[in-house]
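Each value in this text was obtained by applying a stated rule to the coordinates, not by laboratory testing. Since the model is a prediction, treat every value here as computed from it, not as a measurement. Virtual Cβ from ideal backbone geometry, glycine too; neighbours counted across all protein chains shown.
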Amino acid sequence: MGIDLAIGIGGAAGQGIATPGDILARIFVRRGLHLKTYSAYQSIVRGGHILLTLFLIFLIIWLFSLAIGVIALLAGSVAVTVVAQTLYTVVAYPLIGITQMILYYDARIRAEGFDIEVMAGSLGAPPVTGVT
């Protein structure tokens, strides 16, 4: 009867936590033990498309603000200015939050979906190629 043993190694990004895991895995394999390794990186920086998307949304909001300001200036009425600024506030501020939420879920699904695919592959399941 075999003994099951689980070892967890954790730490912050950049602390070199992958190296001790690799060393232990080599030691166990050289001693004739069977093992499975799994690495999970919770905070991998994937900022390229996120930064560009946030820049784009802030650019759109700035252009919208500029358009509202021009409309308010041309109208010359205090009531039109207040309505235009209220419209800007109602549309622009939720747009920032919605964009951040969508980017957050996109990053989570990409990271965790890949982890699920790797775990399924280690169990011998065929890779998923698309929805049928």
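Couplings for the stretch 20-31, taken from phi via the Karplus curve 6.51 cos²θ - 1.76 cosθ + 1.60 with θ = phi - 60°, read x, x, 5, 5, 4, 4, 5, 4, 5, 5, 5, 7 Hz in order; Gly and Pro are left as x. Phi angles of the stretch 65-80 translate, via the Karplus equation with coefficients 6.51, -1.76, 1.60 and θ = phi - 60°, into HN-Hα couplings of 4, 4, 5, 4, x, 5, 4, 5, 5, 5, 5, x, 9, 5, 5, 5 Hz per residue; Gly and Pro are given as x. Per residue, the Cα convex hull of the stretch 48-122 amounts to 60 Å³. Measuring r between the beta carbons of TRP62 and ILE102 and using R0 = 25 Å, the FRET efficiency lands at 0.80.
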